[in-house]
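What follows is one structure encoded as structure tokens, with my remarks underneath.
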Amino acid sequence: MDTKRVVADFEDWREVVAEAVAVLEDGGLVALPTETVYGLAADAFNAEAVAKVFEVKERPSFDPLIVHIGHKRDLEIVADVPEELEEIVDELIATYWPGPLTLVLPKKASVPDLVTSGLDTVAVRLSAHEVMRAVAREMPIAAPSANRFGRISPTSADAVMAELDGKIPMVVDGGACRDGLESTIVAPEMTEKGPVLRLLRPGPVSREDLRKIAKVIKPKKTKADHIEAPGQVESHYAPETPLILIDKPADFVPEAGVKYGLLSYRGEGNSSLMEATEWAHIEIMSQGKGKLAEGAVRLFFCLRNLDAAGVDVIVSESVSETGIGVAIMDRLRRAAAATKK
């Protein structure tokens with residue numbers, strides 16, 4: 001299969017959207033940009049097309065997909081909002097949609113079970129990227145990240161092509177992703193003390209942000225046979241090169257003859273590993289003043305560069321677990337778990 005790469009620029013992105021919609025209506029798959037990472041899109045109501053997503057990604061059927069909608073009112077097409085949760089759901093939508101927040105809600109019976117991995121809930125998002133949103137206005141879109149299962153999520157069309165060239169009909173190049181980390185996923189619930197938010201996956205909308213709306217419950221460790229939302233598999237977001245995560249410089253003891261690559265947060269500071277050994281390759285997540293937001297945007301890009309650098313082991317520094325740093329550390333821990341020998 002030849003994969004067509006189409007650039008959605010300022011002048012012709014609407015024409016590109018029409019071309020992508022035609023492929024999707026025909027049961028094909030299209031890689032589409034979002035503000036978080038690129039998604040591998042299929043018509044959410046076409047079970048055969050959704051099956052192709054699992055096949056191309058080599059994704060296990062127990063890992064559900066996010067459904068993207070094109071307008072806030074389209075939520076009723078794919079989900080039922082319980083009456084007792086209407087107020088908190090409305091507040092979340094008013095505050096964060098369009099944007100990088102995914103809501104887990106009771107699903108409509110019409111949503112194929114394959115999309116939700118047999119769960120009675122569906123994960124729904126309204127992207128802030130105009131291309132994804134325009135496509136989703138034509139049909140709800142099931143779209144996990146556009147990469148092989150468990151590997152580094154793509155934040156550019158180049159990264160998608162490296163993963164899926166020759167496996168899908170079309171890639172829409174919408175430029176680099178703004179946020180660089182997958183969306184935050186929450187499940188609103190009602191308790192005796194009022195509504196709460198179960199944080200199923202950390203992301204660009206931080207725990208601190210969510211606390212302004214309701215109490216946030218920390219998720220329990222999830223087993224593979226009890227997945228509630230996308231991105232909960234313990235081993236995930238991983239390079240092919242083994243990765244180890246170091247909390248304190250003193251914890252890292254290099255072995256002779258091993259070629260190490262370093263993923264550094266700022267490239268300097270008391271917690272930096274820059275002087276710990278003779279590094280074969282170094283990538284710095286935040287080259288400015290050590291801002292976590294910049295680190296989030298560059299995380300997957302840096303991991304891909306290190307994975308391609310020919311090192312034996314990638315060593316990653318930890319970052320502060322505040323704000324979006326929680327999401328960065330979540331991805332790094334899962335990457336380390338996936339590459340343990």
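When Val205, Val160, Val172 are checked against the criterion of being in a strand (DSSP E or B) and either within 23 Å of Pro64 (Cβ to Cβ) or more than 13 Å from the chain's Cα centre (by Cα) (or both), Val172 stands alone in meeting it. Within the stretch 239-269, being among the small types (Gly, Ala, Ser), surrounded by fewer than 20 Cβ atoms within 10 Å (Cβ to Cβ) and under 20 Å from Glu321 (Cα atoms) holds for Ala250, Gly267, Gly269.
Residues in the stretch 78-96 that are in contact (Cβ under 8 Å) with a residue 40 or more places away in the chain, surrounded by 15 or more Cβ atoms within 10 Å (Cβ to Cβ) and over 18 Å from Ser206 (Cβ atoms): 4 in all.
Among the residues of the stretch 3-56, those that are of a type in the set (Gly, Ala, Ser) and touching a strand residue (DSSP E or B) at 6+ places or on another chain (Cβ under 6 Å) comprise Ala8, Ala20, Ala31, Gly39, Ala41, Ala42, Ala44, Ala49.
Looking only at the stretch 298-333, residues that are without any contact (Cβ under 8 Å) to a residue 12 or more places away in the chain and either β-branched (Val, Ile, Thr) or farther than 27 Å from Met161 by Cα (or both) come to 1 in all.
In the stretch 231-270, which residues are of a type in the set (Phe, Trp, Tyr) and either in contact (Cβ under 8 Å) with a residue 60 or more places away in the chain or in a loop (DSSP other than H, G, I, E, B) (or both)? If the condition is that a residue be of a type in the set (Phe, Trp, Tyr) and either in contact (Cβ under 8 Å) with a residue 60 or more places away in the chain or in a loop (DSSP other than H, G, I, E, B) (or both), then Tyr237, Phe252, Tyr265 are the ones that fit. Considering Gly310, Gly290, the condition of being touching a strand residue (DSSP E or B) at 6+ places or on another chain (Cβ under 9 Å), assigned to a loop (DSSP other than H, G, I, E, B) and outside the structural domain of Arg148 (by TED's automatic domain parsing) is satisfied by Gly310 alone. Kindly indicate whether any position in the stretch 317-324 is in contact with a strand residue (DSSP E or B) (Cβ under 9 Å, 6 or more places away or on another chain) and among the acidic types (Asp, Glu). Within the stretch 317-324, one or more residues are in contact with a strand residue (DSSP E or B) (Cβ under 9 Å, 6 or more places away or on another chain) and among the acidic types (Asp, Glu). When restricted to residues that are among the polar types (S, T, N, Q) and either in contact with a helix residue (DSSP H, G or I) (Cβ under 7 Å, 6 or more places away or on another chain) or modelled with pLDDT of 80 or more (or both), the stretch 202-246 contains 3.
The values are calculated or read from the model by the stated rules, or taken from the named source; none is laboratory data. Predicted model, so just to flag it, every value in this text is computed and none were measured. FYI the Cβ positions are ideal-geometry reconstructions off the backbone, even for glycines, and counts take in every protein chain you see.
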